[in-house]
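Throughout, read-outs are computed from the coordinates displayed, never taken from laboratory work. Note that the coordinates shown come from a computational prediction; the quantities given were computed from them, not determined experimentally. Positions of Cβ are generated from backbone atoms using ideal geometry, with glycine treated the same way; all protein chains shown enter the neighbour counts.
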Number of protein chains: 2
Amino acid sequence: MSNTNLKKLAEELGLSISSVSKALRDSYEISAETKKRVLAMAEKMNYQPNPFASSLRRKKSVTIAVVIPEIANNFFALALDGIQMVAQQKGYHLLTYLTHEDYKNEEATIRHLQGGRVDGVLISLCRDTESIHHLVSLHETGIPMVFFDRVPEQMDCPTVTTDDYESGFKATEHLINAGCKKIACLSLSNYLSITHKRMKGYEDALKKHDIKLDPKLVIQCNNDNENNLNLIKNMLSAKKDRPDGIFATVEKLAISTYYVCNDIKLKIPQQIKIISFSNLRTASLLSPSLSTITQPAFEIGKESASLLFRMIEKKTFGNRIDKIVLKSSLIERNSSK
Amino acid sequence: MSNTNLKKLAEELGLSISSVSKALRDSYEISAETKKRVLAMAEKMNYQPNPFASSLRRKKSVTIAVVIPEIANNFFALALDGIQMVAQQKGYHLLTYLTHEDYKNEEATIRHLQGGRVDGVLISLCRDTESIHHLVSLHETGIPMVFFDRVPEQMDCPTVTTDDYESGFKATEHLINAGCKKIACLSLSNYLSITHKRMKGYEDALKKHDIKLDPKLVIQCNNDNENNLNLIKNMLSAKKDRPDGIFATVEKLAISTYYVCNDIKLKIPQQIKIISFSNLRTASLLSPSLSTITQPAFEIGKESASLLFRMIEKKTFGNRIDKIVLKSSLIERNSSK
DNA sequence: CTCGTCTACGAAAACCTTTTCGTAGAATAA
DNA sequence: TTATTCTACGAAAAGGTTTTCGTAGACGAG
């Protein structure tokens, strides 16, 4: 253990604990001379302040938490990267929690966070989060919270999202313009605002082009990959009413679709065109290259963290509730040609 | 703030602080009756113990740290997933630090960790970590540490790695068997043990098959993507001595190679065959599908964390230093056919 | 000389929990 | 009866840092 603490330092220096503390925090109350001595001794004895004592006294943890559904996911990995960058720059520590798309985990994590372990929380909800009582409860402790991408609809809180409705609309219209008549939509969740908005864009695009929405073509997937493969396979194997276009609201469902198409020898884009939300770096290297709606995941992370720090730093300032919306970009590739 | 603390709870209950504390920790000193009352009141007042006071007193943070080069990287994302799973199961919190392959960051992070913020540390070194004084210094504090994948060579410490030498050997031999005569090797670092071992495997495989190693075909890449693209492009554009096989020691270099080949219209696998270390889920969907050495990244994370917790939990037990080695698997696909 | 103002530092409280030690009363044993 | 052992709880210390408040001495102004 680095067992040097203020007391030992003080003894060694012949000063009081408080003076040493002040010297280390560069207080005006301490002479330059003394500061130098203290600093030198701290260095020599390899002094490391005890973070718990400090946090306890200052009521500040210099730590934020991020709660996300999963990390083996390009979007969240990039977002976390952005978050971490800002946190590091601010000298904050980052506590990471994964819910694995399980509401129970989310609830338990949020409850833990009420103990004051962190100064702020960044959250992206899990796919089956329906009730928000745990979020309200955390909010009531007064801790700064920012939601990103998957945000709660029934709660008035700071958020960072993308233009999901427009993206859903454009993606669908893109498929229509490419000649698709029967466009399926693969959704991950009933509850998430992002799927609601993306699907509303899908519906409105169909409406605009006088295409009747076929409920059988709207597939509710879940977190079980096998199940999703089956659902997609069933739909694509149908003799009649097989879709000629697919709009995947999340990356993993597009990948599953590729696997199914390989499996049942369905040619992309000749027989079926695909576009998907995705942050896959290899989208352009796929066979065929995948048309994507790409969210600025890294920026989302950066913006979320920055917003959170604004809230942490000047609590006085804000009754305002920021809602930041960034733009995704549609990148046409061969899967929808 | 959840401003209820032991003191308020005690006042409300007409008990002493210590009794309440003991009741909450289910001490035998407190009667069942009283425990029930305390629990009920704690629930009612939404009591959340202060983690800093607790950590300060118990000298235990219930937190571990993981230090990795980057997170927007399939291998590390999967490893983190495994780590997080174990940590969550143990009721531990997980502090995440990214070095972004920058030694300065690694050094600073490790130094921070000496303050006793965490009960254990998991580390995967960054590509330009040459000196290990910071690691030694952390080690000397007595804190349990486990290295995974990218481990220090000059230090005797617990590690979790894969069979890198064998994998490098097999990958190279695989290319040779596929007909390659001039095999290039793309390396990320001069310092990392994993590249040393993978390249030793590469060299020995060449030797075994009486192929002379051409130093020009061993490319030292760095963390600058542009630079790497140029290096690869230069090599692959050469009129003479152009390699007919590429062994990429890390995924991102294989992806860069794909881009270059697309760019200069080099046909994979007809003109050049490729195999790479990779955890890309879409390896089989690439054009052409990518032959990979796939490390059990999730298991590496799980094993590392499990080992770390063994060290945290029974410090008494161990002078032994575990070196766990897991097996990677070679998956042949079309890029090396 | 007195008063006020700096400067540089120290004492002690505060933060909240956990743990050690002590004790009063009750029950049991001798 | 007296001595011993439980039972159930409280007082207080310990953990390390930060902050508030106080103070001793130096200095200049009046």
Original post:
What is the percent of Cα-Cα separations in segment A:14-90 that go past 17 Å?
Top reply: 63 percent
**OP:** Would you work out which of A:Leu307, B:Ser54, A:Ala72 lies farthest towards the positive end of the dipole of the protein assembly as shown? Charges go on Cβ: Lys and Arg +1, Asp and Glu -1.
**Re:** A:Ala72
Subject >> Approximate spin-label separation B:Glu11-A:Thr141, in nm, with each point projected 7 Å along Cα-to-Cβ >> reply: 2.1 nm
Subject >> For B:Ile211, distant residues with modelled amide H under 5 Å away >> reply: none
**OP:** Can you tell me the alpha carbon radius of gyration of chain A divided by the globular rule-of-thumb value 2.2 N^0.38 Å?
**Re:** 1.27
Subject >> Relative frequency of Cα-Cα separations exceeding 14 Å in segment B:6-49, percent >> reply: 34 percent
**OP:** Holding the Cα-Cα limit at 19 Å, pick out from A:Lys240/A:Lys273; A:Lys208/A:Lys233; B:Lys8/B:Lys35 the pairs that are longer than that.
**Re:** A:Lys208/A:Lys233
**OP:** Would you mind ranking A:Val136, B:Val250, A:Val86 by Cβ crowding within 10 Å, fewest neighbours first?
**Re:** A:Val136, A:Val86, B:Val250
Original post:
How far is helix B:164-177 tilted off the main Cα axis of chain B, in degrees rounded to 10, range 0 to 90?
Top reply: 30 degrees
Original post:
Quick one: Debye curve from the C-alpha atoms of segment A:263-337, no solvent, what's log10 I(q)/I(0) at q = 0.18, 0.21, 0.24, 0.26 Å⁻¹?
Top reply: -0.75, -0.89, -1.04, -1.13
Subject >> Estimated FRET transfer efficiency when R0 is 25 angstrom, pair B:Val218-A:Arg281 (beta carbons, to 0.05) >> reply: 0.50
Original post:
If you stretched the chain out fully between A:Ser18 and A:Arg111, how much longer would it get, using 0.36 nm times the residue separation minus the C-alpha to C-alpha distance?
Top reply: 29.9 nm
Original post:
Once phi is turned into θ = phi - 60°, what whole-Hz ³J(HN,Hα) does the Karplus curve with 6.51, -1.76 and 1.60 give for every residue of segment A:292-298, x standing for Gly and Pro?
Top reply: 9, 9, 10, 7, x, 4, 4
Subject >> Fraction of antiparallel bridges per DSSP, segment B:239-337 only, in percent to nearest 5 >> reply: 30 percent
Original post:
Looking only at B:Ile143, B:Ile68, B:Ile123, which one moves most when chain B is put into a Gaussian network model with springs between Cα atoms under 10 Å?
Top reply: B:Ile143
Original post:
How far apart, in nm, are two points set 7 Å out from the Cα along the Cα-to-Cβ line at B:Asn227 and at B:Ser27?
Top reply: 5.9 nm
Subject >> Charge sum, other residues only, whose C-beta stays under 15 Å from A:Asp156's C-beta, Lys/Arg counted +1 and Asp/Glu -1 >> reply: -1
**OP:** Return the calculated 222 nm mean residue ellipticity for chain B, to the nearest 500 deg cm²/dmol, obtained by summing -39500 (n - 2.57) across DSSP H runs with n ≥ 4 and dividing by the residue count.
**Re:** -13500 deg cm²/dmol
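For chain A, calculate the relative contact order in percent as a whole number, restricting contacts to Cα pairs under 8 Å that are 6 or more residues apart.
This gives 18 percent for chain A.
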**OP:** Quick one: what are the phi-derived ³J(HN,Hα) couplings along segment B:35-46, Karplus 6.51/-1.76/1.60 with θ = phi - 60°, whole Hz, x for glycine and proline?
**Re:** 4, 4, 4, 4, 4, 4, 5, 4, 4, 4, 8, 6
Original post:
Tell me, what ³J(HN,Hα) does each residue in segment B:321-337 have, in order and in whole Hz, if you take phi through Karplus 6.51 cos²θ - 1.76 cosθ + 1.60 with θ = phi - 60° and put x for Gly and Pro?
Top reply: 10, 6, 10, 8, 10, 9, 9, 8, 10, 8, 10, 6, 9, 6, 5, 10, 6
Subject >> Total charge dipole magnitude, segment B:178-337, about the Cα centre, Cβ charges on Lys, Arg, Asp, Glu only, Debye to nearest 20 >> reply: 320 debye
Original post:
Under a 5 Å amide H to amide H cut-off, with H placed in plane at 1.01 Å, what residues pair with B:His93 once short-range neighbours are removed?
Top reply: B:Thr63, B:Ile64
**OP:** Run through the other copies and list how far each one's label point is from that of B:Ala40, in nm with one decimal, shortest first; the point sits 7 Å from Cα along Cα-Cβ.
**Re:** 6.4
Original post:
With each pseudo-label sitting 7 Å past Cα toward Cβ, what's the B:Arg310-B:Lys59 distance in nm, one decimal?
Top reply: 2.5 nm
Original post:
Give or take rounding to whole Å, what are the principal axis extents of the alpha carbon atoms in the protein assembly as shown, in descending order?
Top reply: 76, 66, 50
Subject >> Summed residue charge, Cβ within 12 Å of B:Ala79's Cβ, Lys/Arg positive, Asp/Glu negative >> reply: -3
Original post:
Of B:Thr282, B:Asn319, B:Ser336, whose Cα points farthest to the positive end of the dipole of segment B:212-337 (charges on the beta-carbon: +1 Lys, Arg; -1 Asp, Glu; origin at the Cα centre)?
Top reply: B:Ser336
**OP:** Taking the Cα centre of the protein assembly as shown as origin, sum charge times position over the Cβ atoms of Lys and Arg (+1) and Asp and Glu (-1), and report the length of that vector in debye to the nearest 20.
**Re:** 180 debye
Subject >> Calculated P(r) tail over 21 Å for segment A:43-197, as whole % of Cα pairs >> reply: 53 percent
**OP:** Pull up all non-local amide H partners of B:Ala248: gap of 5 or more, or a different chain, and H-to-H distance under 5 Å with H placed in the peptide plane.
**Re:** B:Leu186, B:Ile275, B:Ser276, B:Phe277
Subject >> Closest approach to the axis - chain A beta-carbon, rotation onto B, Å >> reply: A:Ser287, 2
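Averaging sequence separations of C-alpha pairs under 8 Å and six or more residues apart, then dividing by the length of segment B:6-49, give the relative contact order as a whole percent.
Computed value for segment B:6-49: 37 percent relative contact order.
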Subject >> Per principal axis, descending, Cα span of segment B:171-262 in whole Å >> reply: 35, 32, 19
**OP:** Note the distances from A:Ala53 to each other copy's matching label point, with points 7 Å along the Cα-to-beta-carbon direction, in nm, sorted shortest first.
**Re:** 1.8
**OP:** Just add up the charged neighbours of A:Tyr191: K/R +1, D/E -1, any other residue whose Cβ is under 11 Å from the Cβ of A:Tyr191.
**Re:** -1
Subject >> Simple Cβ-charge dipole of chain A, Lys/Arg +1 and Asp/Glu -1, about Cα centre, in debye nearest 20 >> reply: 400 debye
**OP:** Run through the other copies and list how far each one's label point is from that of B:Asn225, in nm with one decimal, shortest first; the point sits 7 Å from Cα along Cα-Cβ.
**Re:** 2.4
